[in-house]
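Here's the structure, in structure tokens; my notes come after.
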Amino acid sequence: MSTTARSQLLPKLTEGSPLKFKANKYNDGWKICTIQGQIIGGFSRKENGKLCDRGFKPGQFQFQPQEVTVRSIYRHSKMDEITGTVMED
């Protein structure tokens with residue numbers, strides 16, 4: 001799925017939306033997916049390392065369905081300083 005297609009899924013998520021974590025194809029990190037299985041992102045190497053240090057190793061640990069949910073939504077938008085119109089959201 002392209003970055004553009006993924007970015008269209010993100011606004012549909014709300015606080016409390018269930019997520020799925022799946023092991024990536026190399027079993028060295030986690031993919032973040034919608035509950036329907038559509039990939040929306042992944043963790044950095046640093047964050048994958050932190051999860052592994054806590055015992056959440058891809059291929060050795062499996063998150064249960066709906067065990068992980070969206071905690072907070074942060075929106076980044078770009079506004080025209082003069083008109084106040086949203087240029088990017």
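Which order do the peptides 25-37, 53-65 come out in when sorted by mean C-beta neighbours inside 10 angstrom, highest first? All intermediate terms of the calculation are to be shown ahead of the outcome.
Details: 25-37: 14.1, 53-65: 11.7.
Final packing ranking: 25-37, 53-65.
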Task: Spin-label model distance (nm) - ARG45 vs MET79, 7 Å beyond Cα toward Cβ - done: 3.8
TODO: Could you work out, for segment 17-70, what percent of all Cα-Cα pairs fall into each 10 Å distance bin, beginning at 0 Å and stopping at the bin that holds the largest distance?
DONE: 27, 59, 14
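Of LYS46/LYS78; LYS25/LYS46; LYS25/LYS57; LYS12/LYS78; LYS22/LYS46, which ones are farther than 23 Å apart at the Cα?
Result: LYS46/LYS78 exceed 23 Å.
All of the numbers you see were taken from the coordinates with simple rules; none came from a lab. Note that the structure is a prediction, hence the values are computed from the model and not measured. Every residue, glycine among them, receives a Cβ derived from its backbone with ideal geometry; neighbour counts consider all protein chains shown.
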